[in-house]
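Student: Before anything else, here's the structure in question.
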Amino acid sequence: MENLLPEKHMEKNIQIEKALRKRVRPGEAVISIVLFFCGFLSVVTTLTIIFILLRETRLFFSYPEVNIIDFFTGTTWEPTIGKFGILPLLSATLLTTSIAMTVALPLGIFVAVFLSEYASTRTRQILKPILEILAGIPTVVYGFFALTFITPMLRSILGKDTVEIYNTASAGIAMGILILPLIATMTEDALSAVPRSLREAGYGLGATKLEVALKIVVPAALSGIAAAVLVGFSRAIGETMIVAIAAGAGSKLTVNPLLPAETITGFIVRISGGDLSYDTLDYDSIYALAMVLFVFTLFLNLLSQKVVNRFREKYE
């Protein structure tokens, strides 16, 4: 008799599962179709963009004036005279991005630690939405903010003869303010995901709140912090309007952040503004530059996934 009871329960569970499978849910079917369509559309859009970039980049390198070795090693970018060396644009892009990360990374982590470990629930509910408002401000506003506030401030501190009106330093600082909410929010989410038991264990051993935050919580959330850093770097390297307004133009290879320099995205904006006709050598060069940015972004995304998988810690 005792052996028959489990069998009856199993048969009853099987009947319930079959009944649930047979039940028709039109709403869920429609939602599944819509979700599949959205996913399919996003994949097709991405593949179409890659196809266009590959096609136009191949067309650009098919011109006899363009040499692929000179493209990656040349120090002069002057399309009007047939000089297509990407190093000046690439160096300016990396310079502004480095300045942005120097500003956003420490501030973002400190803000995240404060919101996660020190702020009360009421304070977090007030400060976090205010911080995220920065992410909703149009980037063109940041560009004019850099030009009309950050640049005059730098010139008053370092001297007007030292700091040019258009410079990569002010653009990088504005970009750092732009990506600050992104890094702070992602880092705060990673810190909040650390189990409370780890904090309590640290307190039980006599550690202070700061020691628990910096020596226990931050290392435990390292994978999420690393992902936030790489996503912020990827966001900064593709920023357009800030550098187009505040960084200036010029193909001179320089590492001085107080001088004007043109980034890859800044050049794309300037060329695509309508001054040059379509299907010319100068115009087709923007697709090769866009492909370089795409490869950079793809590399950073793949790297972020590897970092997350490498340093991820699972807790039960």
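Student: Filter segment 152-168 down to residues that are surrounded by fewer than 23 Cβ atoms within 10 Å (Cβ to Cβ), in contact (Cβ under 8 Å) with a residue 12 or more places away in the chain and either of a type in the set (Phe, Trp, Tyr) or assigned to a helix (DSSP H, G or I) (or both), then give me how many there are.
Tutor: Looking only at that region, the number is 3.
Student: Tally up the residues in segment 233-261 that are of a type in the set (D, E, K, R) and crowded, with 18+ Cβ neighbours inside 10 Å, please.
Tutor: 2
Student: Hey, can you tell me all the residues within segment 40-91 that are more than 28 Å from ALA169 (Cα to Cα) and touching a Lys or Arg at 6+ places or on another chain (Cβ under 6 Å)?
Tutor: Listed by number, the list is empty, since nothing qualifies.
Student: For the structure I just gave you, tell me whether LEU115 is assigned by TED's automatic domain parsing to the domain that holds VAL243 and closer than 15 Å to ARG235 by Cβ. Before the answer, list the steps.
Tutor: Values: assigned by TED's automatic domain parsing to the domain that holds VAL243: yes; closer than 15 Å to ARG235 by Cβ: no.
Taking the combined requirement at face value, the residue does not satisfy it.
Student: Quick one: ALA171 ticks every box in (1) out of contact with any Leu (no Cβ under 6 Å at 6 or more places or on another chain); (2) part of a loop (DSSP other than H, G, I, E, B); (3) more than 27 Å from VAL307 (Cα to Cα); (4) touching a residue at least 12 places away in the same chain (Cβ under 8 Å) except a single one, so which number is it?
Tutor: So ALA171 meets the others, but not (2).
Student: Can you name every one of the helices (runs of 4 or more DSSP H) wholly within segment 26-141 that holds 3 or more residues which are touching an Asp or Glu at 6+ places or on another chain (Cβ under 8 Å) and surrounded by 13 or more Cβ atoms within 10 Å (Cβ to Cβ)?
Tutor: In segment 26-141, 26-61, 87-113 are the helices (runs of 4 or more DSSP H) which contain 3 or more residues that are touching an Asp or Glu at 6+ places or on another chain (Cβ under 8 Å) and surrounded by 13 or more Cβ atoms within 10 Å (Cβ to Cβ).
Student: In addition: In the list THR265, THR254, which residue meets the criterion of being in a loop (DSSP other than H, G, I, E, B) and either charged (D, E, K, R) or assigned by TED's automatic domain parsing to the domain that holds THR76 (or both)?
Tutor: Values: THR265 fails: in a loop (DSSP other than H, G, I, E, B).
The conditions single out THR254.
Student: Condition test on GLY206, is it farther than 23 Å from ALA119 by Cβ, in a helix (DSSP H, G or I) and in the same structural domain as ILE242 (by TED's automatic domain parsing)?
Tutor: no
Student: Given the criteria touching a Ser or Thr at 6+ places or on another chain (Cβ under 6 Å) and in the same structural domain as LEU253 (by TED's automatic domain parsing), does ALA171 qualify?
Tutor: yes
The values are calculated or read from the model by the stated rules, or taken from the named source; none is laboratory data. Owing to the predicted nature of the structure, the values given are computational and were not obtained by experimental measurement. All Cβ positions, glycine included, derive from the backbone under ideal geometry; neighbour counts span all protein chains shown.
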